[in-house]
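Participant: Just dropping this structure here.
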Amino acid sequence: MQEKNELIISLLYKSAEGQPLTETEKYELEQWLSLSEHNGILYNEVMDLPAMIKEIKLILKNYDTNAQWKKIKAQLEPKNNEISLQPD
């Protein structure tokens, strides 16, 4: 399954970059597109790079890195009932 996913990702990348696909690659991409409506929607979104970049920028603009670091730090700090292995 992982191999198949990696193949599809590489085919989507090649298509988005305007690189020609071999006949086998075209067949694989067409097979994947025919599996579900969602795959077709994803393909169209990937092919619309300006819209995708705009969406990614919007996501990153609203991403609170400080809050995420606080969550990570809290998970890494030893709890009161745990013994720290670090020397004082």
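Participant: So, Ile72, is that one of a type in the set (A, V, I, L, M), part of a helix (DSSP H, G or I), surrounded by fewer than 11 Cβ atoms within 10 Å (Cβ to Cβ) and at pLDDT 85 or above or not?
Facilitator: Yes; evaluated as a whole, the condition is true for this residue.
Participant: Right, next: Exactly one condition in (1) loosely packed, with under 10 Cβ neighbours inside 10 Å; (2) at pLDDT 85 or above; (3) of a type in the set (Lys, Arg) is not met by Lys79; state its number.
Facilitator: (2)
Participant: Looking only at residues that are aliphatic (A, V, I, L, M) and at pLDDT 85 or above in segment 43-58, which one is farthest from Ser15 (Cα to Cα)? Talk me through it step by step, then tell me what you get.
Facilitator: Pass one, segment 43-58, residues aliphatic (A, V, I, L, M): 46-47, 49, 51-53, 56, 58.
Cutting the leftovers down to at pLDDT 85 or above gives us 46-47, 58.
Working: Val46: 9, Met47: 7, Leu58: 24 Å.
In this case the residue turns out to be Leu58.
Participant: If we keep just the residues of segment 9-40 that are in a helix (DSSP H, G or I) and among the aliphatic types (A, V, I, L, M), which is nearest to Met52 (Cα to Cα)? Break it down into steps so the answer makes sense when it comes.
Facilitator: Our first condition is that a residue be in a helix (DSSP H, G or I); within segment 9-40, this holds for 9-16, 23-35, 37-40.
From what's left, among the aliphatic types (A, V, I, L, M): 9, 11-12, 16, 29, 33, 35.
Details: Ile9: 15, Leu11: 17, Leu12: 13, Ala16: 11, Leu29: 20, Leu33: 19, Leu35: 23 Å.
In this case the residue turns out to be Ala16.
Participant: Moving on to the next point. Residues of segment 8-28 being loosely packed, with under 13 Cβ neighbours inside 10 Å and of a type in the set (A, V, I, L, M), which ones?
Facilitator: Ile9
The values are calculated or read from the model by the stated rules, or taken from the named source; none is laboratory data. Since the structure is predicted, the reported quantities are computational estimates derived from the model, not experimental observations. No Cβ is skipped: glycine too gets one built from the backbone with ideal geometry, and neighbour counts run over all protein chains shown.
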